[in-house]
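S.K.: Structure below; questions to follow.
The values are calculated or read from the model by the stated rules, or taken from the named source; none is laboratory data. Please read all numbers here as calculations on a predicted model, not as lab measurements. No Cβ is skipped: glycine too gets one built from the backbone with ideal geometry, and neighbour counts run over all protein chains shown. Side chains are part of the model used for accessible areas, which takes the heavy atoms of the whole protein and leaves out ligands, DNA and RNA. Shrake-Rupley method; radii C 1.70, N 1.55, O 1.52, S 1.80 Å.
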Amino acid sequence: MSAAKGMIIKMYDAVIIGAGVIGAMTARELSKYNMSICVLERSNDAAAGASRANSGIVHAGFDAKPKTLKARFNVEGSEMMPQIAEELGVPYRQNGSLVLGYNDDDRKILELLYRQGQENGVRGLEILGGEELRKLETAVSRSAVCALHAPTGGIICPYELTVAALGSAMDNGAEFLRNFEVSEILEDKDSLTIYASDGRSVKARYAVNAAGVYSDKIARMVGDDSFSIHPRRGEYLLLDKDCGGIVDHTIFKVPTKKGKGILVSPTADGNLLLGPTAEEQEERDNTDTTAAGLNDIIAQINEEAEGVPVRAVITSFAGLRAAADTGDFIIRPYKTRMVHAAGIESPGLSASPAIAVRIAELLFELGLKTEKRADFKAERKSYYWFRRLGAEEKDAYIKDHPDFGKIVCRCETVSEGEILEAIRREPKALDLDAVKRRTRSGMGRCQGGFCSPRIVELLAREQGIPIERVTKSGGGSYLNICRTKGGGQA
Amino acid sequence: MNREQIDLIIVGGGPAGLAAAVAAYDSGVRDMLVLERDVNTGGILQQCIHNGFGLHRFGKELTGPEYAWEYERMAAERNIPIRCGTTVLNVSPDKVVTAVNSDGVSRIEAKAVVLAMGCRERSRGALNIPGSRPSGIFTAGTAQKYVNCMGYLPGREVVILGSGDIGLIMARRMTLEGAKVKAVCEIMPYSGGLARNIRQCLDDFDIPLKLRHTVTAVHGRERLTGVTISETDEYRRPIPGTEEYISCDTLLLSVGLIPENELSKGAGISLDPITGGAVVDEKRQTSCPGIFACGNVLHVHDLVDFVSEEAALAGKSAAEYISGGLDEGAPLDLKPDGKIRYTIPQRIASRDEDVKVYFRVDNIYKNVKIKVINGDKTIFAKKLAAAAPGEMESLTLTGAQLAECGDAKLEFVLEAG
Ligand SMILES: Cc1cc2nc3c(=O)[nH]c(=O)nc-3n(C[C@H](O)[C@H](O)[C@H](O)COP(=O)(O)OP(=O)(O)OC[C@H]3O[C@@H](n4cnc5c(N)ncnc54)[C@H](O)[C@@H]3O)c2cc1C
């Protein structure tokens, strides 16, 4: 900590630890008020944890046990999602979800879910017989005989939502410190001093613990050992856009003790998503995929949908659920200066807008004094604004902005102008994966084979760094080692 | 928006597009335009700075860029207009081409279109290799671009998965740059690359080629730290207990090329599930009249010389189409037996002339016979001392043989002997 001695440490009204969807949504909610806000993130970009790799389902809210925080915030959050997605310019679609049943026992479980959903306040639920089911969704497995239909279920891209929420907070004045791994928190009488492992520090009148799988570690730093987090890994397969139309709804099987099981769903971006598995593990940063996990998914898909061409896989990935030992979300203050948002496993994405509002309330209850600003800007320009223009409008825009006519990513048709905008606009994309998360370049079937060299050049040029310093995802994830023998003269 | 009418649009300015343009010009087309998304023509040849190109076409060994220059020169001599930095976004079935570049969006009505978009490399995701997602995993072509076009070395200790030609070439290239290539793993019992590349790129540098091996896990959080490789059985499944860890900072993938047919799909053109390219007739016309395809977008070639030959045919056919259409006789469908994986063309539309049929086999064969059967008659037979999936074969059916065919189906069969 000596590095910080003698230096003036900046004080914020609220410091949020973790730039996942919870931290980002909270920052945006707080930026509606007159106050200084800083978001701390250990990685090189927002959405580095569970908010990068999950199912992207905005759950209707029938799965959670009534009276739990999960149930309350899921239903509230999913009701808020359409408007927030619209304001943030993030594609969201209410495609509805189906839980399939295969026999009479399953039908009983579906009826239970139906009643649970009613009690939680979910609108529009209905139980369908086999025929109605197939009318609604032709590709469902022939073995399904009944289903619970939840028309308010939706899909959204979780990392686009997270980045956009943080961007909106930043548009409204919030600050974002990256590669800031909180390692120690000291409390004095009117603030917390929060230290990063590299010696940097900030002061906070109030702090929010939204550190995902690390939230129990953050709690320990302020002396709270009342809960612990047990990561549970979920692996996925993502299929080519050609397959995005195979199903229209998000399809689950009846849940078992192990959880909601494997789903088949279109994504908000038009791909087809299969997964997740559920495997307990100790490590908090191991998001490896495994042959067993991926095979498990493939083995189960036919029970849900017919004609899924597993050959069309374009990538696989895994995310860690931050499951708390309490089984529910932990959203509560600890002593006088910190609010925890811990154990935010599924349906945390769906619940995030409502959790953010609740965290703000809890901060006010702790004594944070502020008032709403008149100049809060709710709307944020979508990363997709250019793509959505018609041919004539594009043509007119390119006349003044020629970079938008240079296509860099062939598979997703992303122009240099859009990539530069992602690199320049807050939260700035500083690495290849960050550009990909904002623009979808490299997300298509060639997985960046063609476009990544050009994006690497743009990242180097815009940041004024040599090509060898450009990374895939921050830290030591360099893409090139050095110049070639003749490269110096190239 | 810029609206134009042009007789012939050629999509792609790689070796196929340029050769098609030159041939169309020489067959009388004057009003034409080549659209190329890169800032230069030449396509993938620009980064293939090794030699071995042009032996068939020009009778001498050229490097990739030199081969491209030959065609760029021919196109320049004919004043063929080429628009670079221009990406075609859509081709409609009635041959309206929408393209974008830094001047804006253009809509071009064409009388004929030649598709020559090339191919892309299969990525890691398509292979489903489990493990972490560190940096340091590249397709061989991406690494080739970093090294040869940008002048950067992507890694020092390398494992290569797949013994396709680009992988073999990159094994040598990385070695010459001072990197250590520890192994080339190939899941099949034979390499899919050209025999000469195995000799010149691996054997000459003592790089081990591990046949029947694949990468079963990748390791490393930020940058790749190593891979696990395993032996595979006859069904290409990893054999438990054969795992071997190799430390490396780079994994290059050379596991196949896939024709880039997004535009063809958009135009509603029928595709061949085996080649991944369009179904074409002997003129290289697709199922969409007036739209032709050639080069790696049609099927993956191992030698550019054959790309040029095919493209010249497509360009000449497009010219015939523009000046009055192509005759359709009683068409013949070519049916490979599976041992013969595919044929190009898949269809013969007119039986007036000799047709050269290209094909690839599915395995390594010695002393086999290829037969072409129509109804109960064998109209053609030829012995092959050896055949391998890595090398394209061809045979010529004469107009006389075709004229004899009573049945609409031509079966291509590979037999022992
Ligand atoms: C497999 C899977 C499927 C899911 N499916 C769904 C779904 O379909 N629908 C749904 O609603 N929810 C789903 N969820 C849940 C949802 O993803 C999470 O609830 C949500 O993303 C949690 O957000 P978060 O901000 O709490 O955590 P995270 O996104 O993990 O964010 C925590 C952030 O804190 C940072 N951090 C950690 N420690 C420190 C430190 N010491 N200093 C600074 N920064 C730190 C991390 O780097 C990270 O960026 C799923 C989760 C998983 C894993």
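S.K.: Kindly indicate which of A:Phe364, A:Phe317, A:Phe329 is surrounded by 15 or more Cβ atoms within 10 Å (Cβ to Cβ) and out of contact with any Gly (no Cβ under 8 Å at 6 or more places or on another chain).
M.R.: A:Phe317
S.K.: Sticking with this structure for a sec: Do we have any residue at all in the range A:322-343 that's within 12 Å of chain B (Cβ to nearest Cβ) and more than 17 Å from the chain's Cα centre (by Cα)?
M.R.: No, the range A:322-343 contains no residue that is within 12 Å of chain B (Cβ to nearest Cβ) and more than 17 Å from the chain's Cα centre (by Cα).
S.K.: Name every residue in the range A:401-417 that is over 12 Å from B:Val88 (Cα atoms) and β-branched (Val, Ile, Thr), in order of residue number.
M.R.: Residues satisfying the conditions are A:Val408, A:Val414.
S.K.: Shifting gears a bit: When only residues in the range A:228-246 that are open to solvent by 20 Å² or more (accessible area, probe 1.4 Å) and within 16 Å of the ligand (Cβ to nearest atom) count, which is nearest to the other protein chains (Cβ to nearest Cβ)?
M.R.: The selected residue is A:Leu238.
S.K.: Something else about it: Could you count how many residues in the range B:254-271 are touching a Leu at 6+ places or on another chain (Cβ under 7 Å), aliphatic (A, V, I, L, M) and at pLDDT below 95?
M.R.: Going through the range B:254-271 one residue at a time, the tally reaches 1.
S.K.: Based on what the data block shows, is A:Lys406 within 26 Å of the chain's Cα centre (by Cα), within 20 Å of B:Met150 (Cα to Cα) and at pLDDT 95 or above?
M.R.: no
S.K.: What are the residues in the range A:445-478 that are touching a residue at least 24 places away in the same chain (Cβ under 8 Å) and aromatic (Phe, Trp, Tyr), if any?
M.R.: A:Phe450, the sole residue that qualifies.
S.K.: Among residues belonging to the range A:292-313 that are within 12 Å of another protein chain (Cβ to nearest Cβ) and touching a Ser or Thr at 6+ places or on another chain (Cβ under 7 Å), point out the one that is farthest from A:Asp248 (Cα to Cα).
M.R.: A:Gly293
S.K.: Is it the case, given these coordinates, that B:Tyr245 is of a type in the set (Phe, Trp, Tyr) and either in a loop (DSSP other than H, G, I, E, B) or within 12 Å of another protein chain (Cβ to nearest Cβ) (or both)?
M.R.: Considered against the rule, which asks whether it is of a type in the set (Phe, Trp, Tyr) and either in a loop (DSSP other than H, G, I, E, B) or within 12 Å of another protein chain (Cβ to nearest Cβ) (or both), B:Tyr245 comes out as no.
S.K.: Criterion first (open to solvent by less than 10 Å² (accessible area, probe 1.4 Å), more than 9 Å from chain A (Cβ to nearest Cβ) and modelled with pLDDT of 95 or more) does B:Val91 satisfy it?
M.R.: Spelling it out, B:Val91 is indeed open to solvent by less than 10 Å² (accessible area, probe 1.4 Å), more than 9 Å from chain A (Cβ to nearest Cβ) and modelled with pLDDT of 95 or more.
S.K.: Please pick out the residue among A:Asn44, A:Asn54 that is touching a Lys or Arg at 6+ places or on another chain (Cβ under 7 Å) and of a type outside the set (Val, Ile, Thr).
M.R.: The conditions single out A:Asn44.
S.K.: Let me ask something additional. Could you pull out every one of the strands (runs of 3 or more DSSP E) wholly within the range A:202-319 that has 2 or more residues that are under 25 Å from A:Thr152 (Cβ atoms) and free of Cβ contacts under 8 Å to residues at least 60 places away in the same chain?
M.R.: The strands (runs of 3 or more DSSP E) meeting that bar are A:272-275.
S.K.: Also, quick follow-up: If you go through the range A:279-295 one residue at a time, do you hit one that is more than 15 Å from the ligand (Cβ to nearest atom) and open to solvent by less than 20 Å² (accessible area, probe 1.4 Å)?
M.R.: Checking the range A:279-295: not a single residue is more than 15 Å from the ligand (Cβ to nearest atom) and open to solvent by less than 20 Å² (accessible area, probe 1.4 Å).
S.K.: Kindly indicate whether B:Gly131 is open to solvent by less than 30 Å² (accessible area, probe 1.4 Å), at pLDDT below 95, touching a strand residue (DSSP E or B) at 6+ places or on another chain (Cβ under 8 Å) and within 9 Å of chain A (Cβ to nearest Cβ).
M.R.: Answer is yes for this residue.
S.K.: Looking at A:Ser352 and the list (1) out of contact with any helix residue (DSSP H, G or I) (no Cβ under 7 Å at 6 or more places or on another chain); (2) farther than 30 Å from B:Arg83 by Cβ, which single condition is not satisfied?
M.R.: (1)
S.K.: Within the group B:Ser191, B:Ser163, which residue is among the small types (Gly, Ala, Ser) and within 20 Å of B:Thr142 (Cβ to Cβ)?
M.R.: B:Ser163
S.K.: Let me confirm something: among A:Gly121, A:Gly167, which residue is at positive phi and not polar (S, T, N, Q)?
M.R.: Exactly one of A:Gly121, A:Gly167 is at positive phi and not polar (S, T, N, Q), namely A:Gly121.
S.K.: Taking the range A:129-179, which residues are crowded, with 21+ Cβ neighbours inside 10 Å and either part of a strand (DSSP E or B) or modelled with pLDDT under 95 (or both)?
M.R.: Matches in the range A:129-179: A:Val140, A:Cys146, A:Ala147, A:Leu148, A:His149, A:Ala150, A:Gly154, A:Ile155, A:Ile156, A:Phe176.
S.K.: Being open to solvent by 10 Å² or more (accessible area, probe 1.4 Å), assigned to a loop (DSSP other than H, G, I, E, B) and within 16 Å of the ligand (Cβ to nearest atom): is that true of A:Glu345 here?
M.R.: It is true that A:Glu345 is open to solvent by 10 Å² or more (accessible area, probe 1.4 Å), assigned to a loop (DSSP other than H, G, I, E, B) and within 16 Å of the ligand (Cβ to nearest atom).
S.K.: Among the numbered criteria (1) crowded, with 18+ Cβ neighbours inside 10 Å; (2) away from the ligand (no atom under 15 Å from the Cβ); (3) away from chain B (no Cβ under 14 Å), which one does A:Asp225 miss?
M.R.: Failed condition: (1).
S.K.: How about the range B:135-239: which strands (runs of 3 or more DSSP E) wholly inside it have at least 2 residues that are more than 10 Å from chain A (Cβ to nearest Cβ)?
M.R.: By residue number, B:157-161, B:180-186, B:209-211, B:213-219, B:226-231.
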